[in-house]
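Only one structure is covered here, and it is reproduced in the block below.
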Amino acid sequence: MKTQSALEKVLAAGHMAVTSECGPPRGALPDKIREKAELLRGYVDAINVTDNQTAVVRMSSFAACLIIEQIGLHPVLQMVTRDRNRLAMQSDIIGAYAHGINTMLCLTGDHPCFGDHPMAANVYDLDSIQFVQMVRKMRDEGRFQGGDEIQNPPKMFIGAAANPFGDPFELRVARLAKKVRAGADFIQTQCIYDMERFEKWMEGVRERGLHEKVAILAGVTPFKSAGMAKYMKNKVPGMSVPDELIKRMAGVPKEKQPEEGITICVETMQRLKEVKGVRGFHIMAIEWEQKVPEIVERAGLYPRPSV
């Protein structure tokens, strides 16, 4: 069994890390996962597998991670507290680790009212901060949350999410500090379009010395169209998209907008590289995984380091 996460090794060696993600299919379609993951081979250090994102039913993150693990790539198990109580979560964590999955992202999850089963019962037995705390206790103390000892504890590299753009803005750094104190090893942020606001958030992060305690991976998502840019500004909670980016996307012919979106994404990454405390990138190319290699190459992050 692997004892150290591939992502952890890249960060420990001082390299800029690159992660991306695969949304699992809406059916028992293992080839779909293999196909998406293969597009990312050699270009990213680890691949997040989302857990019923937007509260829509898909193949489980655990099952999709196993498929990715079996083809020799490095999955990141995403798990939300929305659907499971602490018994089920701890059970899945040791089950995943037993299969060599050793990196995970601890999330709250979108409310069922946004998805395809609005009538589904919420669980939310723990919040995301308590969830991180629980995984750290399992790893570092070798104890279940109930206090009993774990045989062969899961040595997970623990991730959490951060949104530098949500309101109230002044609480964003404090919330990150709680996740770091709870035991997060790395952070993946919400998609960054508003660089000024992100840089202001990072100032607060550095003032508290949090950038020295946790690896921050800056989240980026390329626009496919001006319509997507407008949608993300107006319809996605906790997102900040400057008007000048929407104008820039709308200012090019429709057929050139995907290319312009990728150029904006690469420019954002180049600027983020200069922000002290940013240790890497999380590229969320939603159902556009085939563009990740181009983004990684153009951002000067290829070839990936061998660990």
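None of the figures in this text is laboratory data; all of them are computed from the coordinates on show. Values in this document were obtained by computation on a predicted structure and should not be read as measured data. Cβ atoms come from the backbone with ideal geometry, glycine included; neighbour counts cover every protein chain shown.
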Item to check | One residue from V275, V236 being within 24 Å of V76 (Cβ to Cβ) and without any contact (Cβ under 8 Å) to a residue 12 or more places away in the chain | outcome: V236
Checklist entry - Does A64 fit the bill of being of a type outside the set (D, E) and touching a residue at least 40 places away in the same chain (Cβ under 8 Å)? => result yes
Checklist entry - Residues of region 1-27 being farther than 16 Å from Y302 by Cβ and surrounded by 17 or more Cβ atoms within 10 Å (Cβ to Cβ), which ones? => result S5, A6, L7, E8, K9, L11, E21, C22, G23, P24
Checklist outcome for this item: Checked region 251-301 for anything part of a loop (DSSP other than H, G, I, E, B), under 20 Å from the mean Cα position of the chain (by Cα) and surrounded by 14 or more Cβ atoms within 10 Å (Cβ to Cβ); matches are V275, G277, M284, A285, I286, W288, A299, L301
Checklist outcome for this item: Expected single match for among the aromatic types (F, W, Y) and in contact with a Cys (Cβ under 9 Å, 6 or more places away or on another chain) among F223, F281 is F223
